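These notes concern the structure reproduced below.
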Amino acid sequence: MSAWRIVARGWRVFVPVVLINAVVQAATVAPALTPEPGAGFLALAAASFLAFSAASAAVAVAARAAVVGGRMPWPRWWVWFGSVLAVLAMTASALLSPIAVPFAAVLALVVMPGITAGDGLAGVRVFARRPWRAILLSIGSLLSIVVLWVGALLLGFFITGAIAAFATWLVSGAIAVVLVGAWTSLVSETARAGHAQHGSRP
């Protein structure tokens, strides 16, 4: 199943999740608090982190549900845990170096479909079984994230505050959904091919 079919099947989940996350992220920057170890700033930072983690888990599960069919299940604990770790890795990379953020984001895109399917290494095995497709998708994902990153920086010169945050997260969320769909599609196809080769049921 292609990424676009996954997006089309899961749009009822993707659209509200992306919108709600964008609203929450915009709300967290609306008070314009400066980064300091105060209760207000820490509470807003926590809200931003949790909203992003929840949105990531919901999108990953919805993409998986679009592939296997049926209603979207509630994310299992390992999906929540994986999503939190992924967002934590991106946050930590941003603190170390902004250049590392796109690479951390691509890594999250690689591993999350497998975690959602209950096989944390499924995304890694794609590079062994379908290396060219995995490499090309990795490059495409990295370039998309870099363009988003640069676009967000440029937008900050013209529009600031909650409006800029909402627009940035809305566009980023929409593109993230497509990228998650693409990786979920590739991981699922690779897993089915592996099962078929071993005589298992697809």
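Derivation of every value follows stated rules applied to the coordinates shown; laboratory data play no part. Everything quoted here is computed from the prediction, not taken from an experiment. Reconstructed Cβ throughout: ideal geometry from the backbone, glycine too, with neighbour counts over all protein chains shown.
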Rg to Rh quotient for the chain, alpha carbon positions, Kirkwood Rh: 0.99
Using the Kyte-Doolittle scale, which helices in the chain average at least 1.6 and also have C-alpha atoms spread 18 Å or more along the helix axis, with helices defined as whole DSSP H runs? 11-29, 39-68, 77-96, 100-116, 131-158
Classify segment 50-129 as rounded, prolate or oblate from the Cα gyration tensor: take a ≥ b ≥ c as the square roots of its eigenvalues, call it rounded if a/c is under 1.5, otherwise prolate when a/b beats b/c and oblate if not. oblate
Using a Gaussian network for the chain with springs between C-alpha atoms less than 10 Å apart, which of these wobbles most: Ile115, Ile99, Ile163? Ile99
Residue-averaged [θ]222 nm for the chain, counting only DSSP H segments that reach four residues, each worth -39500 (n - 2.57): -28500 deg cm²/dmol
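Order of 43-49, 58-64 by packing, highest average Cβ count within 10 Å first? The partial results should precede the final answer.
Working: 43-49: 14.9, 58-64: 25.9.
Going from most to least packed, we get 58-64, 43-49.
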Show me the ranking of peptides 181-189, 136-144 by mean Cβ neighbours inside 10 Å, starting with the highest. 181-189, 136-144
Across Ala92, Ala66, Ala39, the residue with the highest GNM fluctuation in the chain (Cα network, 10 Å cutoff) is Ala39
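Using a cut-off of 12 Å between beta-carbons, work out the net charge of the residues near Pro113 (Lys and Arg +1, Asp and Glu -1, Pro113 not included). Please list the in-between numbers first.
Values: positive: Arg64, Arg125; negative: Asp119, Glu189.
Summing Lys/Arg as +1 and Asp/Glu as -1 gives 0.
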